[in-house]
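The block underneath contains the structure these notes are about, expressed in structure tokens.
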Amino acid sequence: MLNSLRSSACALVLSAVAATHAGAQDDTAPLSAIDWLSQQSTTPVALPQSPDTGEANEPDVAASASIPSVTVTPLGGPAPQRVGLVPSTVTGLPDTLWSGRSGAALAAQVKRLPTLRLPALQQLTYTLLLAEAAPPPSASAQFDLARIDALMDFGALDPALALMELAGPTTTPGHFKRYFDMAILSGLEAAACQILLDKRDLSPSTAHEVFCLARAGDWNTAALLLGSGRALGMIEPAVVDALERFLDPDLFEDAAPLAVPSHPDPLVYRLHSAIGTPIPTRILPLIYANADLSDTAGWKAQIEAAERLAARGTVPENRLLGLYTQRRAAASGGVWDRVAALQRFETALKTGSAAAVSKTLPATWRAMDSVRLRVPFANLFAEDLAGMVLSGPTADVAFEVLLLSPQYESAVKSFPTRALKRPVLGAIATGTVPPDLSEDGVTGAVLAAFRGAAPDPAIIEMAQSGILGQALLDTIALTHAGGEGDIAQLTTGLATLRALGLEDVARRTALQVLLLGGAT
């Protein structure tokens, strides 16, 4: 199972890895923090040698009686683990990524990450959260849990579960509670229940034990435990009601449906599904949308879940495309209009006819924009559109498609007339801003970042001193705040990305701010 989860997680960050490496590679490119680290000398310093023996001429006595600094490491405890899914050979990030800060400080920084909607910043964040590197010097388990929590908040269920497998689901009750929640949403509750029944000290609650006993077929023990849990107030009344119906559905066949809980945990969500009163995932946190990706969910529910997750960068574009094209739209309006538009466009694209594409691309682009899926659409179709001869409004759209894709640098060459009409976009895509190009507001803030604006000095100092992980997390938060409307922070954030060697991330973020309207 771990291998399949690891593959899913790696697919999540493949495009993000390019953001870590790519960008201007010529001699004028900004010096990256990784370069700074790699330029530190690793040549051992030779001691003076005796001219007679050729041996090291070391002093016989100490220079002073002061007590040297000694590092003390407790024995007997578990050694910190290297918890990560993507090695440094893939991410390009150094093994010392997290070594410069304590796990507690890094965990607090991860918890403060904002809700990111710019895909370039999403991808960089996933790369950091999934990177395999040496653990922080202390509280590494706390940091690992913070990474898993962040991935769950972002809806990245498979990568979060894969990280938990590496961290150890049974390490602490806190580890196991998260593992159980993710297992339920992944349809893996059988494995989680087996662990719980074998190790009751890890049990998240009495309700979880009742559920697992019932799943194991021990109905009598489950009923007894439920009764004592109700009498002792160990299970909330609403959960008791759901468990009673789960244990004996025939007894409540004519009873009124249970009220939908406002904040269900995964166990309550699973119980309501089992007793025939499923809770719509669209009203729940994003992580629950993964449950609707299973084959047991209806097609409409699968598409809507994939759309929500793809907008946060946690579902591969090809999976979304597969759902959109699975069959013909069943009705009209809402999701069905998007399905029909996408299918018409894909059919037109396969014909190779510019006229057919011109009739379908603008409407599909608008449909994708309505659910914040322009970047996933661009990743899927930019290469096909780059080779077509288009004109008018269709060429305008195709130019934007290329700019929002990994092939953004080719947009100017593929659509030179559009690049002349929109010189700012062309300048950002190529990384060369003419001195006479001047704009105000957000556009001016973006241009300033590519004209040599100063990066954040505190972040650069952190990166230079070996605190690269926190420096990158701070840069993401800074640039996100700029995308929210603080143009001063936008300039500084983009300039800092460039100074850290993340030129590709800076350009893609800038283009997304200009074309998608920032982080909102």
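Projected onto the charge dipole of the range 212-258 (+1 at Lys/Arg Cβ, -1 at Asp/Glu Cβ, origin at the Cα centre), which of Ala242, Gly217, Leu232 gives the Cα projection farthest towards the positive end?
Leu232
Provide the per residue accessible area, probe 1.4 Å, for the range 288-369, rounded to a whole number of square angstrom.
That works out to 45 Å² for each residue.
With only Lys, Arg, Asp and Glu charged, each at its Cβ (+1 for the first two, -1 for the last two), find how big the charge dipole of the range 342-392 is about the Cα centre; round to the nearest 20 debye.
Details: 6 positive and 4 negative charges, 38 e Å.
Dipole size: approximately 180 debye.
Ordered by residue, what ³J(HN,Hα) values in Hz, to whole numbers, does the range 322-338 give under the Karplus form 6.51 cos²θ - 1.76 cosθ + 1.60, where θ = phi - 60° and Gly and Pro are x?
x, 6, 4, 9, 5, 7, 6, 4, 7, 7, 9, x, x, 4, 5, 5, 5
About its Cα centre, what dipole magnitude does the range 170-320 give when the only charges are +1 on Lys and Arg Cβ and -1 on Asp and Glu Cβ, stated in debye to the nearest 20?
Details: 13 positive and 19 negative charges, 105 e Å.
Charge dipole, the range 170-320, about its Cα centre: 500 debye, nearest 20.
Once the piece of chain linking Arg327 and Thr296 is laid out straight, how much longer is it, given 0.36 nm per residue of separation minus the C-alpha distance between them?
Values: separation 31, 0.36 × 31 = 11.16 nm, distance 1.63 nm.
Once the chain is fully extended between Arg327 and Thr296, it gains 9.5 nm.
Where the accessible area of the range 177-303 is counted over protein heavy atoms with a 1.4 Å probe, how much of it, in %, is carbon and sulfur?
Carbon-and-sulfur percentage of accessible area, whole number: 53.
Rounded if a/c is under 1.5, else prolate if a/b is larger than b/c, else oblate: which is the range 174-301, with a ≥ b ≥ c the root eigenvalues of its Cα gyration tensor?
Judged from the Cα gyration tensor, the range 174-301 comes out oblate (a/c at least 1.5, b/c at or above a/b).
When only Cα pairs under 8 Å and 6 or more residues apart are kept, what is the percent relative contact order across the range 281-410?
Working: 128 pairs, mean separation 23.5, N = 130.
It rounds to 18 percent for the range 281-410.
How large a share of the accessible area of the range 372-442, in percent, is made up of carbon and sulfur atoms when the probe is 1.4 Å and the other protein chains stay in place?
Looking at the range 372-442 in its full context, I get 54 percent from C and S.
Whole number in Å², please: accessible area per residue of the range 413-520, 1.4 Å probe, ligands, DNA and RNA not counted.
Here the per-residue accessible area is 37 Å².
Quick check for you: with a 1.4 Å probe and neighbouring chains kept, what is the accessible area per residue of the range 119-261, in Å²?
40 Å²
Which one, Asn379, Ser391, Leu342, projects farthest toward the positive side of the charge dipole computed for the range 340-396 from Cβ point charges (K/R +1, D/E -1)?
About the Cα centre, the residue reaching furthest to the positive side is Leu342.
Could you size up the charge dipole of the range 295-413 around its Cα centre, putting +1 on the beta carbon of Lys and Arg and -1 on that of Asp and Glu, and report it in debye to the nearest 20?
Charge dipole of the range 295-413: 300 debye, to the nearest 20.
Considering only protein heavy atoms, with the full assembly of protein chains and a 1.4 angstrom probe, order Arg508, Arg328 by accessible area, largest first.
Most to least solvent-accessible, the answer reads Arg328, Arg508.
Once R0 is set to 35 Å, what does the formula 1/(1 + (r/R0)^6) return for the Cβ-Cβ distance between Leu197 and Asp95, expressed as a FRET efficiency to the nearest 0.05?
That pair, Leu197 with Asp95, gives E of 0.35.
Could you give the length gained on full extension between Leu284 and Leu420, defined as 0.36 nm per residue of separation minus the Cα-Cα distance, in nm?
44.4 nm
If contacts are Cα pairs under 8 angstrom and at least 6 residues apart, what is the relative contact order of the range 103-204 in percent?
Answer for the range 103-204 is 24 percent.
Among all the lysines, which ones have a C-alpha under 28 Å from Lys421's C-alpha, if same-chain residues fewer than 8 places away are not counted?
Lys359, Lys413
The values are calculated or read from the model by the stated rules, or taken from the named source; none is laboratory data. All values reported here derive from a predicted model rather than from experimental measurement. All Cβ positions, even for glycine, are placed from backbone atoms using ideal geometry, and neighbour counts span all protein chains on display. Quick note on the areas: whole protein, heavy atoms, side chains included, nothing else; ligands and nucleic acids left out. Shrake-Rupley method; radii C 1.70, N 1.55, O 1.52, S 1.80 Å.
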